[in-house]
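The values are calculated or read from the model by the stated rules, or taken from the named source; none is laboratory data. These numbers come from a predicted model, not from an experiment. Ideal geometry is used to build each Cβ from the backbone, glycine not excepted, and the neighbour counts take in all protein chains shown.
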Amino acid sequence: MKTKWCNRCEIEKPEADFHKDKTVRSGLYGFCKVCKTNASKQWQKDNPTRKRETQLKRNYGISLEDYQEMKKAQNNCCATCDRNESELKRSLMVDHCHTSGKIRGLLCDECNLSLGKIKDNIQTLEKMILYLKINPGK
């Protein structure tokens, strides 16, 4: 069994304990999988906003400042149900049109998932409203 030295924990381990890395001569990452995971978790802990910044830029083309401005304009509330972000388990989500990519606003997780489930279909939503009016359940 071939082994490799981990540059982080300084322990010799089986090569299977290392991720592949085509950019180095050995073909294996310099840190073992455990050390690489721990280093990644520590980086995320030390840089809490960086991951969010990267996600916002990659997924929606906006900065963290753009997101914060949208949140302020909505008084930190979901654009559809008006619940404040402080009442939610997760941060407000960026709602966007999947066809055009245009950002519509910030929604709570439940409202965002609801729109996704009906595939943004206005007719379906109107039928659901009518259904609830006819069958209030109270």
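A single entry from Cys9, Cys35 fulfils the requirement of being outside the structural domain of Met70 (by TED's automatic domain parsing), touching a residue at least 12 places away in the same chain (Cβ under 8 Å), over 30 Å from Leu106 (Cβ atoms) and not in a helix (DSSP H, G or I): Cys9.
Taken together, the criteria exclude Glu15 from residues that are under 20 Å from Asp109 (Cβ atoms), among the charged types (D, E, K, R) and in contact with a Ser or Thr (Cβ under 8 Å, 6 or more places away or on another chain). Being free of Cβ contacts under 8 Å to residues at least 24 places away in the same chain, touching a strand residue (DSSP E or B) at 6+ places or on another chain (Cβ under 6 Å) and farther than 30 Å from Glu15 by Cα is a property that Asn84 has.
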